[in-house]
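Contents: one structure, followed by commentary.
The values are calculated or read from the model by the stated rules, or taken from the named source; none is laboratory data. Here the structure is a predicted model, which is why all the values come from computation and not from measurement. Please note: Cβ atoms are built from the backbone with ideal geometry, for glycine as well, and neighbour counts cover all protein chains shown. The accessibility values were calculated without ligands, DNA or RNA, using every heavy atom of the protein model including side chains. Shrake-Rupley method; radii C 1.70, N 1.55, O 1.52, S 1.80 Å.
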Amino acid sequence: MGFRDRGVEIKTPAQIDSMRVAGLLVGETLELLRSSVRAGISTGELDAIAEDNIRSGGGVPSFLGYGHPPFPGSICASVNDEVVHGIPGERVLADGDVISIDCGAIVDGWHGDAAITLAVGEIPAEVQTLMDVTEGSMWAGFAAARLGGRVTDISHAVESYVRAHGHYGILEDYTGHGIGTAMHQPPNVPNYGRPGRGPKLELGLALAVEPMITLGTKETVVADDDWTIVTEDGSWAAHFEHTFTLTPDGPWILTAIDGGEERLKALGVPFGGR
Ligand code: MG
Ligand code: MG
């Protein structure tokens, strides 16, 4: 492992393999939560399911105790107009809600970080479209990542995809990030902007790409709990995230169960997993 300018951490292939172990645990935990989300379950119950799965899988929840004030959950559970960083607790999900679940785990010192937005029962068509556009923009970002390219090639691809699909708010105050021996490392990976800027995309770099998209404004406020980020105008939001790297063969989505193979191939992008 070494560091480039601006603190960018470059991993060896063996270290990337270790990150895959953490990534898989995160991906499996999110799949377990996907099958658990229903009307009547509380976000605190989802948090307990996640923590149990992470610990029984040999990991440590990376969100628990993170930051100031220390984050009290193992997942972020953000409902409806909450975009990210929602604190899990007493809130009970109801039919028609959407919940964004962000999950992070550490295994042997290596981090994985991923998020999904899920519908609870029947949701309005425009909210389902918001979710689809947000997830699609993340995959457009992976598809734009090439060895020798630049970090904002991803940013530009995310924004272009979102803009091509309608009028949405793209958060600018929160971004994707480098990841490895810490959850949040340089460089930032914005979800907007011109291509061809930022650090070079090279072997051993791992990034979390995480578009946060709303049906209205890009402006947000921090709730009284000092954590939950809600839209300023009350519009609903979606958040998808995966941790990924580039191998000589292409992108490898470390937090996707199949490494991203199916989605990448559907986009005509070579799969870089091993
Ligand atoms: Mg995350
Ligand atoms: Mg993240």
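Per residue of the chain, what 222 nm ellipticity follows from adding -39500 (n - 2.57) for every DSSP H run with n ≥ 4, rounded to the nearest 500?
So the helix-based figure for the chain works out to -9000 deg cm²/dmol.
To the nearest µm²/s, what D does Stokes-Einstein give for the chain at 25 °C and 0.890 mPa s, using the Kirkwood radius over alpha carbon pairs as Rh?
In µm²/s, the coefficient is 134.
How far apart, in nanometres, would the label points at His165 and Arg194 be if each is projected 7 angstrom from Cα along the Cα-to-Cβ direction?
2.7
Please tell me the relative contact order of segment 104-161 in percent, rounded to the nearest whole number, where contacts are Cα pairs under 8 Å and at least six residues apart.
Computed value for segment 104-161: 24 percent relative contact order.
Under a Cβ-only charge scheme (Lys and Arg +1, Asp and Glu -1), can you give me the dipole magnitude of segment 64-115 about the Cα centre, in debye to the nearest 20?
140
To the nearest 20 Debye, how big is the dipole of the chain about its Cα centre, given +1 on the beta carbon of each Lys and Arg and -1 on that of each Asp and Glu?
1280
In percent, how large is the relative contact order of the chain, given Cα pairs closer than 8 Å and 6 or more residues apart?
Relative contact order comes out at 21 percent.
Scale the Cα Rg of segment 1-114 by the rule-of-thumb value 2.2 N^0.38 Å and send over the ratio, two decimals.
The value comes to 1.15.
Would you be so kind as to identify which of Leu254, Gly198, Tyr174 lies farthest towards the positive end of the dipole of the chain, taking Lys and Arg as +1 and Asp and Glu as -1 on Cβ and the Cα centre as origin?
Gly198
Can you give the accessible area per residue of segment 6-266, in Å², using a 1.4 Å probe?
On a per-residue basis, 38 Å².
Bin width 10 Å, origin at 0, all Cα-Cα pairs of segment 140-250: what percent of pairs per bin?
That works out to 15, 44, 30, 10, 1, in percent per bin.
In square angstrom, rounded to the nearest 10, how much accessible surface does Asp81 have for a 1.4 Å probe?
Surface accessible to solvent at Asp81 totals approximately 50 Å².
Rank Cys103, Leu207, Gln128 by how far each Cα sits towards the positive end of the charge dipole of the chain (+1 on Lys, Arg Cβ; -1 on Asp, Glu Cβ) and give me just the farthest.
Leu207
Roughly how many nanometres apart are two label points built 7 Å out from the Cα toward the Cβ at Arg146 and Glu202?
Taking the two extended label points, one gets 1.9 nm.
Using per-residue counts of other Cβ atoms within 10 Å, averaged over each peptide, order 89-97, 64-72 from highest down.
89-97, 64-72
Please give the peptides 124-130, 73-79 ranked by average Cβ packing (other Cβ atoms within 10 Å per residue), highest first, as a rough proxy for protection.
Packing order, densest peptide first, comes out as 73-79, 124-130.
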